[in-house]
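A short worksheet on the structure shown next.
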Amino acid sequence: MKLRKTAGILGLALCLTACSSPAGNQADTTSGGQTTGAAVESSGSGSGEAVSEMSGTLKLTGPGLFTTVGENGAVDLITGVKKPGYEVVVKRWNELYPNVKLEIEPIPWDNWKAVMQTAALSGDVDVLVHGASLVTISEPMTEFFKKNPEVEDLISMPSVRKNEQDAPMTEYVPYGITVTVNPVVMVLDKRIFEHYGVELPDSNWTFDDIVTLAEKTTGKDPVTGENTYGISLLKASESNKNWLWAARGFNANIFQFGEKMKDTKVDFTMDKAVQTIDYLQELAKYTSPDYIEGLDLEKAYKENNNLAMVLAEESYSVYNQIKTAGLADDFMFLPLPKIEDGEFKGITASHMGDWNMSVCNTSSNKEMAEEFLKFMVTDPVVQQWLADTYCIPNNLEGLKLLDGAMEPAYYDAINEIVTTCPKAFSASINDCWDSTNFGTFATDVTSALNEVFVGNMDAEKATKQVQANLDEFLKSLQ
């Protein structure tokens, strides 16, 4: 399986220079929670750079990336810093493609899939923001990457999925391009470790080390006298994500993909699956009683934090919380331990979420849409805009913009995860996980794990319950 190539002197080298944040107001919102960017008229370049002769109108819709800051920018609620709006992206696009007008319609997360599917059916959208998981309406980009290998070299990962309509289920298909990544990190409170006299781990730690450290830092803090808890897992409302990193760590490869979905076999009762859930159940002993309700993070990353370790997805947001609180010297990030055997031996088990873009398969402007996706992951001005909006660029050179913006105790962990992630290891689908094709699998795993965490199930019962639902789903395909 192809791993990420090291970014070096590429044919598509970036000269990353800072772009100034534009003036503007906070993101405009409507009472319905939807923000709509008006069509922006093109303007000439005047920069001396090559200008494309493409012409027409490119329509974008979707949640996430553009919605977060709006067209004119928004004040970050954590830092109080004004983040630049997507007008930066539009202006840069207009410099390079003066005859292509962008129409951007950011939408909220509520019912976003249905909204985008409706837009695709109408044939009135070209680029789907965060659309790669919607494989039935996204254009496969296999040929694009064949024609543009330098783009694949430049990014940490494409947005790969599996869909029997476009390729055998044994193959990964890129359905878009990941623009920003969101790596899972472990956040450690160095003060709690010091109070208990426990040595801080480094990135060579093991899964057994996590359990040992969680046990040693759970109890009454010898210095403050307050109760502390060794770990907070990824939030209980999405406990399936705990399965994802732990199953990757233990190589619980429950899926054996066949040519078609009906030929695929799933064994959630295999020994390594039971081992994975046993491991998570052991860690749950050292979580706060407030974990299941999602209340244990109320004190996290603050002066009175009582969690020795926290698994976190929103790593840049967490960093900003810590820094804004003046506690940057008191915390640190680590990637999750490295996988000890199997195909991904030596690679951290930390997975990455993403914000991606795809080409709508009903678009009449597919070539232009592909050009926009390429622009979003290669243009230096866009990479600076992503960093300025507290995103982690998928572009490996863009990632370096965070070096210096973050202290090494935080950046080094993010850098290790992003630069070593296998291209084919998608957080949406892999040999231990598939939230794209398998019905209620994600919610089934979440329900079972939370029952395990509160003591209502053991690992064997939990795996059988999930397997029963998987069997029922597979039976429906025959």
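Hey, does segment 213-230 have a residue that's under 28 Å from Phe438 (Cα atoms), of a type outside the set (D, E, K, R) and surrounded by fewer than 20 Cβ atoms within 10 Å (Cβ to Cβ)?
Going residue by residue through segment 213-230, those that are under 28 Å from Phe438 (Cα atoms) are none.
No, every residue in segment 213-230 fails to be under 28 Å from Phe438 (Cα atoms), of a type outside the set (D, E, K, R) and surrounded by fewer than 20 Cβ atoms within 10 Å (Cβ to Cβ).
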>> Six or more apart or on different chains, Cβ atoms under 8 Å: show the pairs whose first residue is in segment 258-276 and open to solvent by less than 70 Å² (accessible area, probe 1.4 Å) and whose second is of a type in the set (Val, Ile, Thr) and assigned to a loop (DSSP other than H, G, I, E, B).
In response: Gly258/Thr170; Gly258/Thr264; Val266/Ile254; Asp267/Ile254; Phe268/Ile254; Met270/Ile254; Ala273/Ile254
> Taking the stated definitions as given, is Asp444 part of a helix (DSSP H, G or I), more than 22 Å from Ile339 (Cα to Cα), touching a strand residue (DSSP E or B) at 6+ places or on another chain (Cβ under 9 Å) and not aromatic (Phe, Trp, Tyr)?
Replying inline: no
> Out of Glu460, Glu416, which single residue is crowded, with 19+ Cβ neighbours inside 10 Å, of a type in the set (Asp, Glu) and at pLDDT 90 or above?
Replying inline: Glu416
>> Of the residues Lys366, Lys302, only one is under 26 Å from Ser138 (Cβ atoms) and open to solvent by 10 Å² or more (accessible area, probe 1.4 Å); which?
In response: Lys366
>> Looking only at residues that are part of a strand (DSSP E or B) and touching a helix residue (DSSP H, G or I) at 6+ places or on another chain (Cβ under 9 Å) in segment 58-77, which one is most open to solvent (accessible area, probe 1.4 Å)?
In response: Lys59
> Residues Glu49, Glu103, Glu95, Glu71: which one is outside the structural domain of Met376 (by the TED database) and in contact (Cβ under 8 Å) with a residue 40 or more places away in the chain?
Replying inline: Glu49
>> Anything in segment 78-112 that is under 21 Å from the mean Cα position of the chain (by Cα) and surrounded by fewer than 19 Cβ atoms within 10 Å (Cβ to Cβ)? List them, or say none.
In response: Ile78, Pro108, Trp109, Asp110, Asn111
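Report whether or not Val274 is over 30 Å from Thr68 (Cβ atoms) and part of a helix (DSSP H, G or I).
Working: over 30 Å from Thr68 (Cβ atoms): yes; part of a helix (DSSP H, G or I): yes.
Taking the combined requirement at face value, the residue satisfies it.
Listed here are the residues, each with its yes/no results for (1) hydroxyl-bearing (Ser, Thr, Tyr); (2) under 20 Å from Ala424 (Cβ atoms); (3) outside any helix (DSSP H, G or I); (4) in the same structural domain as Val452 (by the TED database).
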position	(1), (2), (3), (4)
Phe193	no, no, no, yes
Asn204	no, no, yes, yes
Val211	no, no, no, yes
Ala246	no, yes, no, yes
>> Restricting to segment 313-339, give me the number of residues that are of a type outside the set (D, E, K, R), touching a residue at least 60 places away in the same chain (Cβ under 8 Å) and open to solvent by 50 Å² or more (accessible area, probe 1.4 Å).
In response: 2
>> Take Gly342 and tell me if it is without any contact (Cβ under 8 Å) to a residue 60 or more places away in the chain, open to solvent by 10 Å² or more (accessible area, probe 1.4 Å) and part of a loop (DSSP other than H, G, I, E, B).
In response: no
> Which of the residues that make up segment 323-333 are in contact with a Lys or Arg (Cβ under 9 Å, 6 or more places away or on another chain), within 20 Å of Asp202 (Cα to Cα) and either basic (Lys, Arg) or not in a strand (DSSP E or B) (or both)?
Replying inline: Leu327, Asp329, Asp330
> What number of residues within segment 421-446 are at negative phi and surrounded by fewer than 18 Cβ atoms within 10 Å (Cβ to Cβ)?
Replying inline: 3
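The values are calculated or read from the model by the stated rules, or taken from the named source; none is laboratory data. Keep in mind the model is a prediction, meaning the values are calculated, not measured. Cβ: placed from backbone, ideal geometry, glycine included. Neighbour counts: every protein chain shown. Protein only, heavy atoms only, side chains kept; ligands, DNA and RNA dropped before computing areas. Shrake-Rupley method; radii C 1.70, N 1.55, O 1.52, S 1.80 Å.
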